[in-house]
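The values are calculated or read from the model by the stated rules, or taken from the named source; none is laboratory data. The shown structure was predicted, so the numbers you read here are calculated from the model rather than taken from an experiment. Methodologically, a virtual Cβ is constructed for each residue, glycine included, from the backbone with ideal geometry; neighbour enumeration extends over all protein chains shown. The accessibility values were calculated without ligands, DNA or RNA, using every heavy atom of the protein model including side chains. Shrake-Rupley method; radii C 1.70, N 1.55, O 1.52, S 1.80 Å.
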Amino acid sequence: MESSNLKKYENKLFVSSLIRDVVLDKISVEQALLLFPQDSNDVNIKCVFDALVHREADEDLRLKIEGYKEIQDEFLLNLADILKDNLSLPKNIVEEYLKFHQDNLIPDNSKNFKNVLNKLKRNINF
C-alpha cells in the first residue's frame, strides 16, 4: 500500500513539473501529454490531463480573447501546486471535468497519440 501511495505522489510531482514546463514554454502540450503517466486510476491525473488537452484545443481563444491565456495558465499552475503538495483537486473541479469527460482521455501506449490528440481537439472545439 505504501508503495502505491509513493508512486501516486511521484506521478503527481512529475505531472506538476510537466505543467510548469508547458506554461513556461519549455515543452509543448503535445510533448507533455506524451510523457504523462499512464495512471488511469487517479482522478487527479486524469483531470489535469484533460486540462492540458483543453489548453491545446483553446489555442484560438488564447490568441483572440484578452486575458484568456493568463487566466488559463494561472489555473494550470494552481493545479500544479495542488499536485505538488500531494493534495487532491477540489471536488468542484473534478466534477466539472468528469461532467464533460467521463471517459479516460489518457491514451494507452498502443494507440497513435497524434490521432488521439487530433480527435480530442475536434471534440472539444465542436
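Filter region 26-42 for residues that are small (Gly, Ala, Ser) and surrounded by fewer than 16 Cβ atoms within 10 Å (Cβ to Cβ); which is farthest from LYS99 (Cα to Cα)?
Filtering region 26-42 for residues that are small (Gly, Ala, Ser) and surrounded by fewer than 16 Cβ atoms within 10 Å (Cβ to Cβ), the one farthest from LYS99 (Cα to Cα) comes out as SER28.
Filtering region 77-91 to residues that are assigned to a helix (DSSP H, G or I) and not basic (Lys, Arg) leaves LEU77, ASN78, LEU79, ALA80, ASP81, ILE82, LEU83. Report yes if ILE19 is within 15 Å of ILE93 (Cβ to Cβ), at pLDDT 90 or above, of a type outside the set (Phe, Trp, Tyr) and open to solvent by 70 Å² or more (accessible area, probe 1.4 Å), otherwise no. No.
Take the residues in region 43-85 that are within 12 Å of the chain's Cα centre (by Cα) and charged (D, E, K, R), then tell me which one is surrounded by the fewest Cβ atoms within 10 Å (Cβ to Cβ). That would be ASP73.
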